[in-house]
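Working notes, beginning with the structure itself.
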Amino acid sequence: MIMVQYPLTVNMHALKRVFRRLLGAFEAALTWLYGWRWNPLHQSGTVSVLMLLVLLVTGLYLVLFYRVGAPAESVARIAADPWLGSWIRTLHRYATDVFVVASVVHAVKMFSNDRSWGPRTLAWVSGIALFAIGMILAWTGFVLAWDSFGERLAREGGRLLDVLPVFSEPVSRIFAGDGPVPNAFFFVNLFIHIALPLGMGVAFWLHLSRLARPAIIPPRALAWGMVAALTSISVVRPAPLGPAADPLTLTTSTPVDMVVAWWLPLTERLAPGVVWSLVVVIAVAALLVPRLTRRARVGSWAPSVVDPRLCTGCNQCPQDCPWDAITMVARDDDRGTLVARVDPALCVSCGICAGSCAPMGVGPGGRTGRDQLQALRSGTLPLLHQSNEHPIVVVSCMQAPESHREALRALGAQLHPVSCVGNLHTSAVELLIRNGAAGVIVFGCPPRDCVGREGPRWLYERMFNDREAELQPRVDRRRVQVATMAAGDREATLAAYRSFAASVAGLDAPSAPGVDETDALSDPDLYLCDPVPLAERLS
Amino acid sequence: MTTSLQIIARRALGALTAAAVLTGVAWGSAVPLHHHDAHSAYLRLSWSARPERIEVCRTLSDEELSKQAEHMRQRMVCDGTFATYALRVEVDGQMLGESVIRGGGLRHDRPMYLLRDYAVTPGSHRFRVSVTRREQAGDVGYAGAVVPDVDTGRFAGRAAREVSEHARLARAAIPAQLVLDSTFTLLPMRVALVRFDAIERRLEVRVDRSPSS
């Protein structure tokens with residue numbers, strides 16, 4: 001693997017490794033506790049969206065009873081309603097907290113997994129915008145309640161805004177106490193609180209615009225589970241409301257939402273100019289992450305390329321590409337079909353297309369179907385031929401935990417790593433079976449935690465549901481299995497392997513190693529998918 | 001069987017962890033954070049008032065006026081700046097703060113917006129707040145000038161209106177000297193507010209005498 005780094009990015013990569021290790025340990029612990037299907041860390045982005053939906057629904061209820069003319073009184077009335085108001089207001093608040101936490105986790109995960117640069121720059125930058133808008137929304141929301149915490153936030157906001165040459169009269173004087181806080185102040189806050197989500201919608205659209213088939217909300221069971229859990233804690237422990245704001249009365253302490261306003265104790269002690277400088281530095285640093293974390297587009301980061309001589313114009317790779325990086329264009333030769341073209345600016349080098357192309361004509365350099373067969377012939381097949389028995393071959397993602405692979409090796413499995421199981425060409429599986437493997441079990445990452453986004457999904461479809469490039473009918477499906485390998489649940493990995501091994505043991509002995517290596521698999525033309533004629537495509 | 005029990009135990013531990021995390025969220029959502037000491041009190045100065053304009057005015061001659069377009073024939077023209085003020089805050093004869101205040105905006109022609117908090121020990125004190133203009137008044141101000149009204153037709157009475165407008169602006173401006181000298185009791189956790197009464201043209205204090213709840 002060729003690794004070329006830009007000089008300024010070296011420290012960033014070290015930081016990524018630290019985060020990856022920390023997050024990995026945390027993810028493993030959560031998988032151990034909940035199983036990979038229910039691991040919320042695999043769903044950090046969708047959990048954020050779920051919380052936004054909760055905020056939207058609860059916010060609609062709250063705005064019905066909020067009065068800009070009597071903010072503190074109306075919120076106190078809502079909080080005093082034990083049937084709906086109390087827990088809906090609390091749920092609104094707790095959902096804000098979870099949104100902030102999930103968003104930060106999502107950003108750290110993307111950063112540590114090298115998903116913050118190149119084609120993902122737009123998603124990163126729009127994600128930063130989404131988070132910033134979310135924080136402003138939270139700020140205005142707390143101010144709207146106009147309790148002691150809301151007043152404290154409002155004063156801090158006024159103090160910071162007053163150093164900017166924006167307002168003709170200092171904002172802070174609104175809270176001086178020489179007159180009631182004008183209704184217009186709460187109206188403006190409410191307007192911002194309601195209007196900004198529309199801006200959020202635009203940022204969200206940009207955030208997902210480069211993804212094909214984006215996952216927006218968590219799996220239903222997890223989503224409802226989280227909502228139920230948050231509702232339960234909202235009922236059991238309603239969020240306290242501080243005393244109504246009074247500009248001429250001091251408070252010894254304020255119930256501060258430290259998840260959202262963790263910065264408040266710090267900024268209150270700093271001069272506004274220093275705070276703004278810090279904000280600018282942090283914002284610039286966040287926006288520069290794509291620049292500082294970028295990789296040279298060579299080796300494992302090289303974009304996919306199409307070999308036009310092999311491309312039949314079947315239109316499968318554009319359908320499978322999780323980033324919409326492939327389009328079909330007219331050929332420049334006399335063949336009557338289209339040809340695939342990869343946009344390197346959109347391609348993230350996931351290699352999913354390599355597994356989707358029956359004639360093996362597309363994929364990142366070194367990872368096309370042909371490269372995979374070549375790697376097998378030079379690596380795993382000789383080991384199979386040397387073996388007196390018929391081992392089970394475990395194909396696993398390179399991201400898979402090493403401890404699991406070691407345990408599988410100890411059980412006698414022959415390991416064959418691939419960059420992502422979504423890259424795996426079904427011909428590689430066939431080649432293994434035809435060369436004496438008793439069976440092939442492919443361990444993918446948890447579906448929502450795949451760096452290629454849709455690797456496990458397309459793998460399964462190609463293996464068992466005849467999605468192009470499908471595993472050929474001549475391959476005994478009883479000798480093929482697809483499973484999930486999640487850090488933190490080694491028992492599940494081993495159980496899946498043992499179960500597969502037991503089922504394979506009951507089958508007849510496979511063909512002798514080495515006898516079939518030079519047949520159809522050396523001639524991809526024998527299992528090409530059907531090309532779509534150009535005229536039909538254009539119509 | 002053992003595996004099933006292990007999974008059940010693991011999920012139970014997961015439920016407990018979820019409960020702990022939710023409790024953590026609930027706690028983190030309302031952390032009591034220190035704001036003011038229990039024996040705090042503040043003297044707050046807050047007002048918005050127009051600074052006095054210090055200007056030198058001169059009467060244009062008929063010849064000078066005739067060179068202007070008819071609607072531009074203003075007999076009295078003035079040039080000047082806005083006053084700055086020395087603010088002194090004393091408590092029981094001890095200086096609490098001293099500074100210069102001026103109008104807002106880059107040209108200082110906007111109203112003076114003041115918002116200052118001074119920490120004071122609760123109790124009865126003598127407070128003295130003074131605001132004193134730092135500049136001398138102009139030699140020839142508008143108010144003292146003679147403005148012969150030579151306009152006729154649709155501009156008739158313009159000079160008188162100019163005088164009236166200047167007088168209104170002068171009345172709206174903060175006086176050359178403002179002093180608040182008062183003794184009152186400041187309760188703990190309370191803010192005494194000193195503000196400028198634009199109608200009475202004087203400083204006044206608002207003190208809440210009920211104890212903080």
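Before moving on, here are some points about what is shown:
- Near pairs, Cβ below 8 angstrom, 6+ apart or cross-chain, from region A:140-164 (outside the structural domain of A:Ile174 (by TED's automatic domain parsing)) to any residue that is surrounded by fewer than 24 Cβ atoms within 10 Å (Cβ to Cβ): none
- Residue in region A:212-229 that is nearest to A:Ala72 (Cα to Cα), counting only those that are crowded, with 18+ Cβ neighbours inside 10 Å and facing another protein chain (nearest Cβ under 10 Å): A:Ala229
- Here region A:7-40 is the region considered, the condition is being in a helix (DSSP H, G or I) and under 22 Å from A:Thr231 (Cβ atoms), and the residue that is nearest to the chain's Cα centre (by Cα) is A:Pro40.
- Residue in region B:122-131 that is at pLDDT 95 or above, among the β-branched types (Val, Ile, Thr) and assigned to a strand (DSSP E or B) present: yes
- Here A:Ala203 does not fit the description of being within 16 Å of A:Ala145 (Cα to Cα) and assigned by TED's automatic domain parsing to the domain that holds A:Val280.
- Flag for A:Thr140 being β-branched (Val, Ile, Thr), farther than 18 Å from A:Ala283 by Cβ, touching a His at 6+ places or on another chain (Cβ under 9 Å) and crowded, with 20+ Cβ neighbours inside 10 Å: yes
- Residue check for A:Ala245: loosely packed, with under 15 Cβ neighbours inside 10 Å and either more than 9 Å from chain B (Cβ to nearest Cβ) or under 30 Å from B:Ala38 (Cβ atoms) (or both): no
- From the list A:Ser232, A:Ser209, A:Ser253, the lone residue that is within 14 Å of chain B (Cβ to nearest Cβ), modelled with pLDDT of 95 or more and surrounded by fewer than 18 Cβ atoms within 10 Å (Cβ to Cβ) is A:Ser232.
- Lone unmet requirement of (1) out of contact with any strand residue (DSSP E or B) (no Cβ under 8 Å at 6 or more places or on another chain); (2) within 27 Å of A:Leu130 (Cβ to Cβ); (3) assigned by TED's automatic domain parsing to the domain that holds A:Phe111; (4) touching a residue at least 40 places away in the same chain (Cβ under 8 Å) for A:Arg237: (2)
- Test: A:Pro318 is crowded, with 19+ Cβ neighbours inside 10 Å, assigned to a helix (DSSP H, G or I), under 23 Å from the mean Cα position of the chain (by Cα) and not assigned by TED's automatic domain parsing to the domain that holds A:Gly365: yes
- Every test in (1) touching a strand residue (DSSP E or B) at 6+ places or on another chain (Cβ under 9 Å); (2) crowded, with 21+ Cβ neighbours inside 10 Å is passed by A:Arg370 save one, and that test is (2).
- Residues satisfying the criterion are absent from region A:105-122 (criterion: more than 30 Å from A:Gly24 (Cα to Cα), away from every other protein chain (no Cβ under 14 Å) and crowded, with 18+ Cβ neighbours inside 10 Å).
- Positions within region A:278-299 being exposed (fewer than 14 other Cβ atoms within 10 Å of the Cβ), over 20 Å from A:Pro344 (Cα atoms) and among the small types (Gly, Ala, Ser), in sequence order: A:Ala283, A:Ala285
- Candidate set from region A:159-174 (those that are more than 9 Å from chain B (Cβ to nearest Cβ) and in contact with a Pro (Cβ under 8 Å, 6 or more places away or on another chain)); member that is farthest from A:Leu248 (Cα to Cα): A:Val163
- Yes/no for B:Trp47 being aromatic (Phe, Trp, Tyr) and surrounded by fewer than 16 Cβ atoms within 10 Å (Cβ to Cβ): no
- Scan of region B:78-109 for residues that are under 16 Å from the mean Cα position of the chain (by Cα) and among the β-branched types (Val, Ile, Thr), ordered by number: B:Thr84, B:Val89, B:Val100, B:Ile101
Residues checked against (1) within 30 Å of B:Ala160 (Cα to Cα); (2) touching a Cys at 6+ places or on another chain (Cβ under 7 Å):
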{"position": "B:Met76", "(1), (2)": "yes, yes"}
{"position": "B:Thr84", "(1), (2)": "yes, no"}
{"position": "B:Gly93", "(1), (2)": "no, no"}
{"position": "B:Val100", "(1), (2)": "no, no"}
{"position": "B:Met112", "(1), (2)": "yes, no"}
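- Of the residues in region B:110-126, none is under 17 Å from the mean Cα position of the chain (by Cα), among the polar types (S, T, N, Q) and assigned by TED's automatic domain parsing to the domain that holds B:Val179.
- Consider region B:57-97 and keep the residues that are at pLDDT 95 or above and among the acidic types (Asp, Glu). The one that is surrounded by the fewest Cβ atoms within 10 Å (Cβ to Cβ) is B:Asp92.
- Yes/no for A:Ser148 being within 13 Å of chain B (Cβ to nearest Cβ), surrounded by fewer than 19 Cβ atoms within 10 Å (Cβ to Cβ), of a type outside the set (Asp, Glu) and farther than 29 Å from A:Ser126 by Cβ: no
- Filter pass, A:Ala428 being at pLDDT below 95, within 29 Å of the chain's Cα centre (by Cα) and within 29 Å of A:Trp323 (Cα to Cα): no
- Whichever residue in region B:39-55 is in contact with a Leu (Cβ under 6 Å, 6 or more places away or on another chain) and not aliphatic (A, V, I, L, M) and, among such residues, is nearest to the other protein chains (Cβ to nearest Cβ): B:Ser46
- Checked against the criterion of being in the same structural domain as A:Phe26 (by TED's automatic domain parsing), in contact (Cβ under 8 Å) with a residue 24 or more places away in the chain and under 30 Å from A:Phe19 (Cα atoms), the candidates A:Val68, A:Val108 yield just one match: A:Val108.
- Scanning region A:23-46 for residues that are surrounded by fewer than 19 Cβ atoms within 10 Å (Cβ to Cβ) and without any contact (Cβ under 8 Å) to a residue 60 or more places away in the chain yields a count of 2.
- Scanning region B:7-20 for residues that are within 53 Å of the chain's Cα centre (by Cα) and within 7 Å of chain A (Cβ to nearest Cβ) gives B:Thr17, B:Ala18.
- Residue under evaluation B:Arg58, criteria (1) in contact (Cβ under 8 Å) with a residue 40 or more places away in the chain; (2) away from every other protein chain (no Cβ under 14 Å); (3) out of contact with any Cys (no Cβ under 9 Å at 6 or more places or on another chain), criterion not met: (3)
- Residue match in region B:21-38 (condition: crowded, with 18+ Cβ neighbours inside 10 Å, facing another protein chain (nearest Cβ under 10 Å) and either touching a residue at least 40 places away in the same chain (Cβ under 8 Å) or more than 30 Å from A:Val235 (Cα to Cα) (or both)): no
The values are calculated or read from the model by the stated rules, or taken from the named source; none is laboratory data. Keep in mind that what you see is a predicted model, and the values were worked out from it rather than measured. Here Cβ is always computed from backbone atoms with ideal geometry, including for glycine, and neighbour counts include all displayed protein chains.
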